[in-house]
Each structure stands twice: as structure tokens, then as C-alpha cells.
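Reviewing the structure listed below.
Where a number appears in this text, it was derived from the coordinates with a stated rule and is not lab data. It should be emphasised that the depicted structure is a prediction, and the values quoted were computed from it without experimental measurement. Reconstructed Cβ throughout: ideal geometry from the backbone, glycine too, with neighbour counts over all protein chains shown.
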Amino acid sequence: PSKWLQNIVSQSILSHVPCTLIYNGIDTHIYKPYNKQEVRAKLGLPQGKNIILFSADLGITNPFKGGEYITQIIEKYQNNQDILFVNIGGGTTIEKSDHIWHVPYVLNQKEMAEWYSAADVYVYPSLADNCPLVVLEAMACGLPIVTFNTGGIPELLIHNETGYVAQYKDFNDYCVGFKLLYNNVELRKSMAEKSIIRVQEYFTIEMMNDQYHDLYQRLI
């Protein structure tokens, strides 16, 4: 599901075996932009704050998804009253404070799309990934992303067009990207529009299904 992994396969003991690249796809009938004010009201989120979203299994404690970098970002902006961080995926109950909400793992896809739509920036400093669905889901909902140059992620979003791809494990560069998106509403809007178009053109579940079908037909 990524050129990154395809290149690794080509250098392995499987290099002599045919390898087809088929990206993951998502359901853009579910993952799409929802009205920000309406979903914030539905989810009980404040209307007047910049909402920074992070989501992963085990939430902020997941080391593979860069939880330590999320913690550093939160600490760096802990005195900024205009920011609310939302950490999805950790714990079993919602825990709220003025600066951060901890929300249990969201199983319902439409509800997750609403969380994406309610946010302003998606922070995803993943340290190990292939073709992560969460990146495609956030993009499809018009949410600009700050991430690391990890695995196949740079194949999904375009640096400085649909998000910011910081150098791997470079926290200073990550902060540059975060500050760039946080301070520039017009840039976020432009990135959101381009993200939606990119997913619709390259990463839909219909496209993925068609490519798997074509592959199976060739193998029969």
C-alpha cells in the first residue's frame, strides 16, 4: 500500500516476486467535511478555540505514533488560552480540562469524521507507519496535517500544499510546521481544499477496490 514498502520488498528475499502497489482507500461518503459549528456544538466543543486533534490507539501514550512529541507540543502551548488539544484513543471515559480533552477510542466512522471536521489542525508525529488511514481520513474531512517524514506518509499528503511534513524526529522542524498552520487561517483553508481533492482523486475505497479487482483478474 505504499512505494516505501514496495521499495523495501524490492531489496528483500522477495525481490524476484511481482509486487503491485495499491494504496489504501477510504469511504469519502462518510469521511467528508461536516459543518464545523454544528459538529462542535454536537460534541460539546468550544466554538471560539483553535482545536488541535490527535488520534491513535492508546492515544497520547502510543510511542509508535509519536506521543512524546504530542506531549512536548502540549507543554509548549500550555499557556495559550486559544488552543484546546483533543487526544482521541486513550482511556475509557472523557476527561476534560481547559487545555486538553482525553476522549476514548471512537469506533463509529461518522462520529470520527465529525471530530476531524470540528478540528483546525491534525497533529500526527508518527514514528512508524505505512499507509495510515487516519491521515487519509483527516485529509478527506479537510483537516490540515502536521506530520513526520515517516514511511509512506509523504506519498499521501504534499508538503506545504496539504500539510507540513517535518524531518523525521526533528521536533524543531515539527514546531515550525505547527506554528505555520496554527497562525495562518488562509493557509489552512487552502490546504483543506487541496486535501479533499487529493483524496477524492487518488485514495477512495472505490479506486482501491477496482485496483484489487484488476489485480485478481490478471492473476486468474
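Key figures
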quantity	calculated
Loop-located trypsin sites (Lys or Arg not before Pro) in the range 161-220, at most 16 other Cβ atoms within 10 Å (DSSP)	K169
The range 167-176 - phi-based ³J(HN,Hα) in whole Hz, Karplus 6.51/-1.76/1.60, Gly and Pro as x	4, 4, 6, 9, 5, 4, 5, 4, 5, 4
Lysine pairs meeting the criterion (Cα under 27 Å, 8 or more apart or interchain), as found in the range 85-220	9
Under 5 Å, built H, 5+ apart or other chain: amide partners of Y168	N149
Chain lengthening between Y202 and H16 when straightened (0.36 nm per residue, less Cα-Cα)	64.2 nm
Note, ³J(HN,Hα) from phi for the range 137-143, Karplus 6.51, -1.76, 1.60, rounded to Hz, x at Gly and Pro	5, 4, 4, 5, 8, x, 10
Rounded to 5, the percent of DSSP beta bridges in the range 1-106 classed as antiparallel	15 percent
FRET efficiency for Q6 and Q81, using Cβ-Cβ distance with R0 set to 45 Å, rounded to 0.05	0.45
Estimated distance in nm for a label pair at D27 and E186, the labels positioned 7 Å out from Cα along Cα-to-Cβ	3.8 nm
Potential lengthening between N130 and L219 on full extension [0.36 nm per residue; Cα-Cα distance subtracted]	29.6 nm
Percent of beta bridges antiparallel (DSSP, the chain, rounded to nearest 5)	10 percent
Antiparallel DSSP beta bridges within the range 78-151, percent to nearest 5	20 percent
J(HN,Hα) series, the range 7-19, from Karplus relation 6.51 cos²θ - 1.76 cosθ + 1.60, nearest Hz, glycine and proline x	5, 5, 4, 5, 9, 9, 5, 9, 4, 7, 9, x, 9
Furthest towards positive pole of dipole, Y34, L14, Q78, structure part the chain, Cβ charges	Q78
Whole-angstrom gap from the range 153-208 to the range 24-67, using each part's C-alpha centre	15 Å
5 angstrom amide H check on I26, placed H, neighbours 5+ away	T204, I205
Net length gained if the chain between Y105 and T61 were fully extended (0.36 nm per residue, minus Cα distance)	14.6 nm
